[in-house]
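See structure below.
The values are calculated or read from the model by the stated rules, or taken from the named source; none is laboratory data. Small disclaimer: the values here were computed from a predicted structure and weren't measured. Every residue, glycine among them, receives a Cβ derived from its backbone with ideal geometry; neighbour counts consider all protein chains shown. Surface areas here come from the heavy atoms of the whole protein model, side chains and all, with no ligands, DNA or RNA. Shrake-Rupley method; radii C 1.70, N 1.55, O 1.52, S 1.80 Å.
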Amino acid sequence: MDNRLSYEEKKELPDDVFGLPERREYPMPDAAHVRAAEAYFRYCPENLRPQLARAIISRGKLFGIDIKSPTVLGYAGLSE
């Protein structure tokens, strides 16, 4: 099953479902896309990683996903 969003589908999404809304990158309209954003986190520009990390955790909570990536947690300021 392909979970990729088409250009048209992505265009219809509201800004608040994006990890980086000002760039409309890292769409997270559902749990599968939260996991994808977590997996592709390493490709995010360094200066935008804290913002994306917080968005991944926030959207993850919305879908009942416990984010475990130490890198994402670290950038969100939640590392142990």
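Rank Gly74, Phe18, Gly60 by how far each Cα sits towards the positive end of the charge dipole of the chain (+1 on Lys, Arg Cβ; -1 on Asp, Glu Cβ) and give me just the farthest. It is Gly74. Hey, what's the chain come to in accessible area per residue, 1.4 Å probe, Å²? Each residue of the chain exposes 66 Å² on average to a 1.4 Å probe.
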